[in-house]
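The values are calculated or read from the model by the stated rules, or taken from the named source; none is laboratory data. It should be emphasised that the depicted structure is a prediction, and the values quoted were computed from it without experimental measurement. Because the Cβ atoms are built from the backbone with ideal geometry, glycine has one as well, and the counts that use them run over all protein chains shown.
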Ligand SMILES: *Cc1c(COP(=O)(O)O)cnc(C)c1O
């Protein structure tokens, strides 16, 4: 099966297989299909295969897609970097944000969340490798950001997200995911509502699930390759 519908079914089965193989419950890992650069029709095909959570990184293309798919009960995740001038639209159109890494952005998202919607589900991005080109707070900055976000009425602090550098060796892929899981465990005493580890993409999904991912963000393996230069 090479259709998006078929790939979605196969990927959901693969996630269940990996989870079961490491003693985790069926359904404990949510597939977020990252549809950036792919059209609404592709998301509709993935829906037919069982996809219920969709990730986007580019606001301008996401908003019309969300409108085009309003007949489907999908949960929408903003997984990209959050620019301060985009927070109002993100707060209006999305159910989840994965990459909160600044108090100022969190405050804006909270203030701009429409009153008729539930709080925006929110993960904090951690930059484990100290890569300056990427977003995310350092582990040392994390607990102050968690405390600040937990106090914002328009947000619900749900967990942590990371985007490690691409590593080909599956054994070596596990270290940053294990580190993120440890950081979450360290925060849960103060923030028991933090139950989410958003980690794992097409190239490192299995390593992430082994280390406790509760959400994997999969683009290429589900929707196919993106145009060069669009990450
Ligand atoms: C694009 C993207 C993904 C999906 O990456 P693939 O390697 O195509 O699976 C996941 N997370 C974020 C934050 C992304 O920007």
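Side notes on the structure shown:
- In the condition set (1) at negative phi; (2) at pLDDT below 95, residue 27 is compliant with all but (1).
- Considering (1) more than 16 Å from the ligand (Cβ to nearest atom); (2) on the phi < 0 side of the Ramachandran plot, the lone condition that residue 125 does not fulfil carries the number (1).
- Members of region 66-94 found to be over 20 Å from residue 11 (Cβ atoms), within 16 Å of the ligand (Cβ to nearest atom) and not in a strand (DSSP E or B), listed by number: 80, 81, 82, 83, 86, 90, 94
- Residue in region 154-161 that is more than 17 Å from the chain's Cα centre (by Cα) and modelled with pLDDT of 95 or more present: yes
- Among the residues of region 110-134, the ones that are touching a strand residue (DSSP E or B) at 6+ places or on another chain (Cβ under 6 Å) and over 20 Å from residue 181 (Cβ atoms) come to 4 in all.
- Within region 202-222, the set of residues being within 8 Å of the ligand (Cβ to nearest atom), touching a residue at least 60 places away in the same chain (Cβ under 8 Å) and part of a loop (DSSP other than H, G, I, E, B) comprises 219 only.
- Among the conditions (1) away from the ligand (no atom under 16 Å from the Cβ); (2) touching a helix residue (DSSP H, G or I) at 6+ places or on another chain (Cβ under 8 Å); (3) farther than 23 Å from residue 91 by Cβ, the only one that residue 184 does not satisfy is (2).
- Within region 147-181, the set of residues being away from the ligand (no atom under 16 Å from the Cβ), farther than 15 Å from residue 102 by Cα and part of a loop (DSSP other than H, G, I, E, B) comprises 153, 154, 169.
- Residue count for region 15-42, restricted to those that are assigned to a helix (DSSP H, G or I) and in contact (Cβ under 8 Å) with a residue 40 or more places away in the chain: 4
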